[in-house]
Amino acid sequence: MMGGFEMWMEVLIADDERDLLDQYKSSLEGRGHNVTTCLDGEQCLKVYEVESKQIEGNDSATPFDAVVLDYQMPKKNGIEVAQRILALNPHQRIIFASGYIQETFLDSIKQLRQVTEIMKKPFSLQALADTIEDNEIYSELEKLNVDVAAIKELNPSHAQIKAYFDVLCRLQKGRTF
């Protein structure tokens, strides 16, 4: 594990490709994490809402250390799921798994009004584990999102989007794109 110490995390993953989902779960559980999986966006929201009720009253707590969402899923896509999750808990760490990096990135800024972590599919199981276990990425993104929140217009400039994308690439240490 990172830094030579044991790190156990609660992870929620939603992806409509069962084979991938099973690989993610097996790999992360092999590293000592507790993984909950869902095959579509609606199921993911139901699981998240149930788990959120368990921590009600603790404003700083999140039911999962990380939520990994496929961008394209049936019933509700990743952005729709992320919007609902962030409405329930604005401090929840969201990581998108997507083959559509630019589209996902733009949607996260325009619809979620924040920069989220993105992993370009396909990615290695090692890259997934490294990203989830790297809490520095999320704390740096929280700082960046203070800037994003300051952008009042719905359509940030191309230069602003490129700058945010460059920061995200640097924070993710070039692991997946």
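All of the numbers you see were taken from the coordinates with simple rules; none came from a lab. What you are looking at is a predicted structure, and each value in this text was computed from that prediction instead of being measured. Don't worry about glycine lacking a Cβ; one is built from the backbone with ideal geometry, like all the others, and counts go over all protein chains shown.
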*Out of the DSSP beta bridges found with both residues in region 8-171, what percent are antiparallel (nearest 5)?*
0 percent
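Loop only per DSSP, at most 14 neighbouring Cβ atoms within 10 Å: give me the GluC sites (Glu not before Pro) in region 39-117, ordered by residue number. Walk me through the numbers before you get to the answer.
Details: sites: Glu42, Glu49, Glu51, Glu56, Glu80, Glu103, Glu117; in loops: Glu56.
Hits after loop and neighbour filter: Glu56.
On a full-extension model of 0.36 nm per residue, what is the gain between Glu56 and Arg113, subtracting their alpha-carbon distance, rounded to one decimal in nm?
Working: separation 57, 0.36 × 57 = 20.52 nm, distance 2.44 nm.
Full-extension gain reported as 18.1 nm.
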*Could you pull the Cα extents of region 8-171 along its three principal axes, largest to smallest, in whole Å?*
41, 38, 31
*Around Val50, what is the net charge, scoring Lys/Arg as +1 and Asp/Glu as -1 over all other residues with Cβ under 14 Å from its Cβ?*
-2
*What is the spin-label model distance, in nm, from Glu140 to Ala163 if the labels are put 7 Å beyond Cα along the C-beta direction?*
1.7 nm
*If a/c stays under 1.5 just call it rounded; otherwise compare a/b with b/c (prolate if a/b is bigger, oblate if not). Do that for region 41-125, with a ≥ b ≥ c from the square roots of the Cα gyration tensor eigenvalues.*
prolate
*Under 14 Å, Cβ to Cβ, from Asp107 - net charge with Lys/Arg +1 and Asp/Glu -1*: -1
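Provide the gained length on full extension for the span Phe123 to Asn34, in nm with one decimal, where the gain is 0.36 nm per separating residue minus the Cα-Cα distance.
On the way: separation 89, 0.36 × 89 = 32.04 nm, distance 2.04 nm.
Gain on extension, Phe123 to Asn34, equals 30.0 nm.
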